[in-house]
Amino acid sequence: MLDRLNALYPVRYTALGLCVVLALLSLFTLIAFGIGGFWFLVFTGLSVLGVFDLRQTKSSVLRNYPVIGHLRFMLEKIRPEIRQYFLEGDNEASPFSRSQRSLAYARAKGETDKRPFGTQVDQNATGHEWLNHSMAPSLIASHDFRVTIGGPGCTQPYEASVFNISAMSFGALSANAIQALNAGAKRGGFAHDTGEGSISAYHRLHGGDLIWEIGSGYFGCRDENGHFSPERFQANAMDPQVKMIEIKLSQGAKPGHGGVLPGPKVTPEIAAARGVIAGQDCVSPAAHSAFSTPIELMHFIVRLRELAGGKPVGFKLCIGHPWEWFAIAKAMLATGITPDFIVVDGAEGGTGAAPLEFTDHVGAPLQEGLRLVHNTLVGVNLRDRIKIGCAGKVISAFDIVRAMAIGADWCNSARGFMFALGCIQAQSCHTGQCPTGVTTQDPVRQQALVVPDKAERVFQFHQRTLMALQELIQAAGLQHPAEITAHHLVRRVSQNEVRLLANLLPETLPGALLHDLTGQHKVFSTYWPQAHADRFGLA
């Protein structure tokens, strides 16, 4: 029946036809009885919209389904919210599960983080992991776990918390978000990474410890041509609030990809922080201009350390070609120069918006990248001179435990602290329309984020996460997170088999890469001989 009707009259035009009929009917009632003016305007407007839909050439859906076709785009617009609020399970991580977000919210608000009636996690699922506990638990006096960062060339080592705020720039985050993060860091005594957008006025207001990240755009330390400026670097680096300098080689969200902040988004405040011209495109090249080889990178580290008055200097990277990382390690051996720290960014990173292909398919995940860096430094006898930080979906105390078991000395978290600020995972960070004022430069939207309240939440999230970490360390019978190894974690590999993480992850013996490579993991036996300190490419 419907097919016959459709042969005579396209049924898909019914919505437009009804709008026209109702517009005419409301016109009649308006003329005859003096009522219906509002409905006349509504249905006339929808009729005009339908005619426009038929004539426009950009959307096939609207040409075939005038008026009603807009309903599809409306539903598509609110699909993420519908899924998040009504359809997703508590443990579906996309990218963070409801359970993970709820944990961050509860700790930030100072509410109970306890859950009744047992676990909701399928402990028989392949990939499930747990921490082995001790029959002789320890008792630790404080949850304020610290790690000393600073190698032989460092004269101002930094006592860092094992849990810090990861790199997020002013410009990506709002002024109020930066203030709240830094105020929370100040109160809790932990570090706040500036991101490559440099140090803004909002970073300085509350005096929290800063890790100044320097990317390929050299924001905050660039000359008029966009190249590194020693004088401008020194002026910022000598600020007592700046505790460490971090060279960004790549980031987990989009490794190997530069970026452009369009001119209209380069406000006078952003321009002042970055040392660029307001209103003009702000370019972050994919590669650095201050060095082009691993050996040059080592000398750049020494130069920055001297200009910074002996403060710790290191670099951040997401592992890509393993031979490039090996070349950096060989440059350390060749020059005798070592960074004070290395931060490994997992490809899980995501506060920076990026093309989908980069988000999903470029860069090594945290486990593989962190383990490779750790094993390499062990294999060249440099692990005791260099501290390793990491970032990549670190939310809970167990996430910290797991990262340290793989090889980290401390952890950074970006989205965890965004949740503490009130982020609801709307995933509209790149649009400027963040519903909670966290990732927007709209002065009205960001007023929704009240700095004193959110600074308290940042502090509480940090403190209560470390308290949970303290309880885990005590349960394992240890005294400090640094004592955790892969031998303390167990992973289910099948329905009927579990294995220690230490038996699943590759391990390198001290000094093993300095001698015969026989018996080493294939990545070392294949690419270590081909890496060379004077180039990033294969020898």
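The values are calculated or read from the model by the stated rules, or taken from the named source; none is laboratory data. No experiment lies behind these values; they were computed from the predicted model shown. Please note: Cβ atoms are built from the backbone with ideal geometry, for glycine as well, and neighbour counts cover all protein chains shown. Surface areas here come from the heavy atoms of the whole protein model, side chains and all, with no ligands, DNA or RNA. Shrake-Rupley method; radii C 1.70, N 1.55, O 1.52, S 1.80 Å.
Table for the structure above
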quantity: With DNA, RNA and ligands ignored, accessible area of GLU76 (1.4 Å probe; Å², nearest 10); calculated: 100 Å²
quantity: Potential lengthening between ARG204 and ILE140 on full extension [0.36 nm per residue; Cα-Cα distance subtracted]; calculated: 19.6 nm
quantity: Percent carbon-and-sulfur accessible area, region 124-170, ignoring ligands, DNA and RNA, probe 1.4 Å; calculated: 56 percent
quantity: Centre separation in Å (Cα based) which lies between region 151-165 and region 285-338; calculated: 18 Å
quantity: Solvent-accessible heavy-atom area per residue, rounded to whole Å², over region 306-357 at 1.4 Å; calculated: 29 Å²
quantity: Cut-off under 5 Å, modelled amide H: who pairs with ILE68 long-range; calculated: LEU16
quantity: Region 88-187, accessible area per residue, ligands and nucleic acids excluded (1.4 Å, Å²); calculated: 50 Å²
quantity: Whichever lysines have a C-alpha closer than 18 Å to that of LYS265, once near sequence neighbours (fewer than 8 apart) are set aside; calculated: none
quantity: Whether region 247-393 is rounded, prolate or oblate, judged on the alpha carbon gyration tensor where a/c under 1.5 counts as rounded; calculated: oblate
quantity: Rounded to the nearest 10 Å², the accessible area of ARG72 at probe 1.4 Å; calculated: 120 Å²
quantity: Distance cut-off 15 Å, percentage of C-alpha pairs in region 74-115 lying past it; calculated: 49 percent
quantity: Size of charge dipole - region 192-335 - debye, nearest 20, with Cβ of Lys, Arg +1 and Asp, Glu -1, no other charges; calculated: 180 debye
quantity: Over the chain, relative contact order from alpha-carbon pairs under 8 Å, at least 6 apart, %; calculated: 18 percent
quantity: With Cα atoms, 0 to 90° folded angle of helix 98-109 axis to the chain main axis; calculated: 70 degrees
quantity: Cα-Cα over 28 Å, subset of LYS248/LYS393; LYS114/LYS248; LYS387/LYS522; calculated: LYS114/LYS248
quantity: Kirkwood-type radius of region 86-234, with distances r between different C-alpha atoms, in Å; calculated: 19.3 Å
quantity: Additional length obtainable on full extension of the chain from ASP239 to GLU159, 0.36 nm per residue less Cα span; calculated: 27.1 nm
quantity: Hz values of 3J(HN,Hα) by residue in region 376-386 - Karplus curve (6.51, -1.76, 1.60), Gly and Pro given as x; calculated: 5, 5, 5, x, 10, 6, 10, 4, 6, 9, 10
quantity: Global form of region 77-170, assessed from the alpha-carbon gyration tensor, a/c cut-off 1.5; calculated: oblate
quantity: Contact order relative to length of region 411-451, as percent, for alpha carbon pairs under 8 angstrom and 6 or more apart; calculated: 26 percent
quantity: Angle in degrees between helix 322-335 and the longest Cα principal axis of the chain, rounded to the nearest 10; calculated: 40 degrees
quantity: Helix-derived mean residue ellipticity, 222 nm - over the chain, DSSP H n ≥ 4, -39500 (n - 2.57), to 500; calculated: -12000 deg cm²/dmol
quantity: Accessible area in the full protein assembly, largest first, 1.4 Å probe, for ASP193, ASP239; calculated: ASP239, ASP193
quantity: On Cα atoms only, tilt of 37-55 relative to the major axis of the chain in degrees; calculated: 70 degrees
quantity: Table column - 3J(HN,Hα) (Hz), region 337-348, Karplus curve with 6.51, -1.76, 1.60, x for Gly and Pro; calculated: 9, 10, x, 6, 7, 10, 9, 9, 9, x, 5, 5
quantity: Probe 1.4 Å - accessible area at LEU5, Å² to nearest ten; calculated: 90 Å²
quantity: Under Karplus coefficients 6.51, -1.76 and 1.60, residue-wise ³J(HN,Hα) of region 180-192 in Hz, glycine/proline x; calculated: 5, 4, 6, 5, x, 5, 4, 5, x, x, 10, 9, 10
quantity: Gyration tensor verdict on region 152-248 (Cα atoms; rounded if a/c is under 1.5, prolate if a/b is larger than b/c, oblate otherwise); calculated: oblate
